[in-house]
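Here the structure is laid out as structure tokens; the discussion comes afterwards.
The values are calculated or read from the model by the stated rules, or taken from the named source; none is laboratory data. Only a predicted model underlies this, so the values are computations on that prediction, with no experimental measurement involved. As a convention, Cβ positions derive from the backbone with ideal geometry for all residues, glycine included, and neighbour counts pool all protein chains shown.
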Amino acid sequence: MAFAGITNSHHFGAAAYHLAAIADAGMTGIALTNSPSAINAWGGSKAFFGTNPIAAIFPRRNAQPIVVDLSLTEVTRGKIMLYAKENKPIPLGWAVDRDGQPTTSAQAALTGSLTLSYRRCWKAPRWH
Amino acid sequence: MVEVLCVALTGAALSYENDSYFEPGNKPRIGHALIVINPEALAGADVYYSRIEDMVGQMLTDAGVRLPGARRHQAVEKAQTEGISLADALHQELQKLAGRSRKK
């Protein structure tokens, strides 16, 4: 098993891109990254943790590898940024404003926080 | 969990300590963690591959199940045969950025 820690970095693009070489070598891989604040700490009202995705790759024989890419948030911050640039409203459920109120304003969402993905995070994160 | 593995272990900036990705002149200090596990080192590669196929086989007996990564692989194949379409403005911006990095 090997663990590589990287610091002083920026957005690393798609995690699956970095994992591909690991699967090509017949290894299983897990990639994690933090990001600028986007989601509240459990019970909190301001953005604290990043979108902090977790991705993994599992090679198969004679078939494409299984690639798992879990995002904690319903949408990425970049997507909301795009909506803000285009002055489009965002659907309810993507984000809350800085007062913790659900918002359809992309601009308000960028200073607020993103909601957890309902599909992938059916359990709220618990810190023990 | 992600924050601790990517930041506490590496000394990177905590999420709230980073500049936004989208502000000009930003200098985030993001942390990443990469974990690689060799199946040979545990039950052995044969067992690993066999167990994965047992799992996949069982998963796919449920008609609606999509294997994680399947959509991605299809998209890659499609892009390789059909290409992808880029807006002219984006294409030009990419060329410009590529040209800038070549000069370094």
> Of these, B:Pro39, B:Pro24, B:Pro28, which one is under 27 Å from A:Ser35 (Cα atoms), in contact with a Phe, Trp or Tyr (Cβ under 9 Å, 6 or more places away or on another chain) and either free of Cβ contacts under 8 Å to residues at least 60 places away in the same chain or surrounded by 14 or more Cβ atoms within 10 Å (Cβ to Cβ) (or both)?
Replying inline: B:Pro28
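Whether any residue in the stretch A:21-28 is closer than 20 Å to B:Met1 by Cβ, facing chain B (nearest Cβ under 7 Å) and not β-branched (Val, Ile, Thr) is what I want to check. Can you show your working first?
Quick first cut of the stretch A:21-28, residues closer than 20 Å to B:Met1 by Cβ only: A:28.
Subset that is facing chain B (nearest Cβ under 7 Å): A:28.
Checking which are not β-branched (Val, Ile, Thr) leaves us with none.
Looking for residues that are closer than 20 Å to B:Met1 by Cβ, facing chain B (nearest Cβ under 7 Å) and not β-branched (Val, Ile, Thr), one finds none in the stretch A:21-28, hence no.
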> Hey, among the residues in the stretch A:12-32 that are small (Gly, Ala, Ser) and within 19 Å of A:Thr73 (Cβ to Cβ), which one's surrounded by the fewest Cβ atoms within 10 Å (Cβ to Cβ)?
Replying inline: A:Gly13
> When both residues are 6+ apart or on different chains and their Cβ atoms are under 9 Å apart, which pairs have a first residue that lies in the stretch A:72-91 and is within 13 Å of another protein chain (Cβ to nearest Cβ) and at positive phi, and a second that is of a type in the set (S, T, N, Q) and surrounded by fewer than 17 Cβ atoms within 10 Å (Cβ to Cβ)?
Replying inline: none
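So that you can scan it fast, the table gives a plain yes or no per residue for (1) in contact (Cβ under 8 Å) with a residue 12 or more places away in the chain; (2) exposed (fewer than 15 other Cβ atoms within 10 Å of the Cβ); (3) assigned to a helix (DSSP H, G or I); (4) within 9 Å of chain A (Cβ to nearest Cβ):
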{"site": "B:Leu5", "(1), (2), (3), (4)": "yes, no, yes, yes"}
{"site": "B:Tyr49", "(1), (2), (3), (4)": "no, no, yes, yes"}
{"site": "B:Ile52", "(1), (2), (3), (4)": "no, no, yes, yes"}
{"site": "B:Arg71", "(1), (2), (3), (4)": "no, yes, yes, no"}
{"site": "B:Ser85", "(1), (2), (3), (4)": "no, yes, no, no"}
{"site": "B:Lys96", "(1), (2), (3), (4)": "no, yes, yes, no"}
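Sort through A:Ser9, A:Ser35 and tell me the only one that's of a type in the set (Ser, Thr, Tyr), under 20 Å from B:Tyr21 (Cβ atoms), surrounded by 17 or more Cβ atoms within 10 Å (Cβ to Cβ) and under 13 Å from the mean Cα position of the chain (by Cα).
Numbers: A:Ser9 fails: under 13 Å from the mean Cα position of the chain (by Cα).
From the options A:Ser9, A:Ser35, the qualifying one is A:Ser35.
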> Which one of the conditions (1) modelled with pLDDT under 95; (2) within 11 Å of chain B (Cβ to nearest Cβ); (3) in contact with an Asp or Glu (Cβ under 8 Å, 6 or more places away or on another chain); (4) surrounded by fewer than 20 Cβ atoms within 10 Å (Cβ to Cβ) does A:Phe48 fail to meet, given that it meets all the rest?
Replying inline: (3)
> Assuming A:Arg60 fulfils every condition listed in (1) under 20 Å from B:Ala13 (Cα atoms); (2) modelled with pLDDT of 90 or more; (3) not aliphatic (A, V, I, L, M) apart from one, which condition is it?
Replying inline: (1)
> In this structure, is B:Ser20 part of a loop (DSSP other than H, G, I, E, B), out of contact with any Ser or Thr (no Cβ under 8 Å at 6 or more places or on another chain) and of a type in the set (Ser, Thr, Tyr)?
Replying inline: yes
>> Exactly one condition in (1) of a type in the set (A, V, I, L, M, F, W, C); (2) more than 8 Å from chain A (Cβ to nearest Cβ); (3) farther than 30 Å from A:Pro36 by Cβ is false for B:Ala75; which is it?
In response: (3)
>> Taking the conditions exactly as written (facing another protein chain (nearest Cβ under 7 Å) and of a type in the set (S, T, N, Q)), does A:Ser9 satisfy them or not?
In response: yes
>> I'm told A:Pro102 meets every condition in (1) in contact with a Gly (Cβ under 8 Å, 6 or more places away or on another chain); (2) modelled with pLDDT under 90; (3) away from chain B (no Cβ under 12 Å) except one. Can you identify the failing condition by its number?
In response: (2)
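Has the stretch B:20-33 got at least one residue that is among the aliphatic types (A, V, I, L, M) and either in contact with a Gly (Cβ under 7 Å, 6 or more places away or on another chain) or more than 8 Å from chain A (Cβ to nearest Cβ) (or both)? Walk me through it before giving the result.
Of the residues in the stretch B:20-33, the ones among the aliphatic types (A, V, I, L, M) are B:30, B:33.
So of that shortlist, the ones also either in contact with a Gly (Cβ under 7 Å, 6 or more places away or on another chain) or more than 8 Å from chain A (Cβ to nearest Cβ) (or both) come out as B:33.
The answer is yes, given that some residue of the stretch B:20-33 is among the aliphatic types (A, V, I, L, M) and either in contact with a Gly (Cβ under 7 Å, 6 or more places away or on another chain) or more than 8 Å from chain A (Cβ to nearest Cβ) (or both).
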>> So B:Arg66 passes all but one of these: (1) among the charged types (D, E, K, R); (2) without any contact (Cβ under 8 Å) to a residue 12 or more places away in the chain; (3) facing another protein chain (nearest Cβ under 9 Å). Which condition number does it fail?
In response: (3)
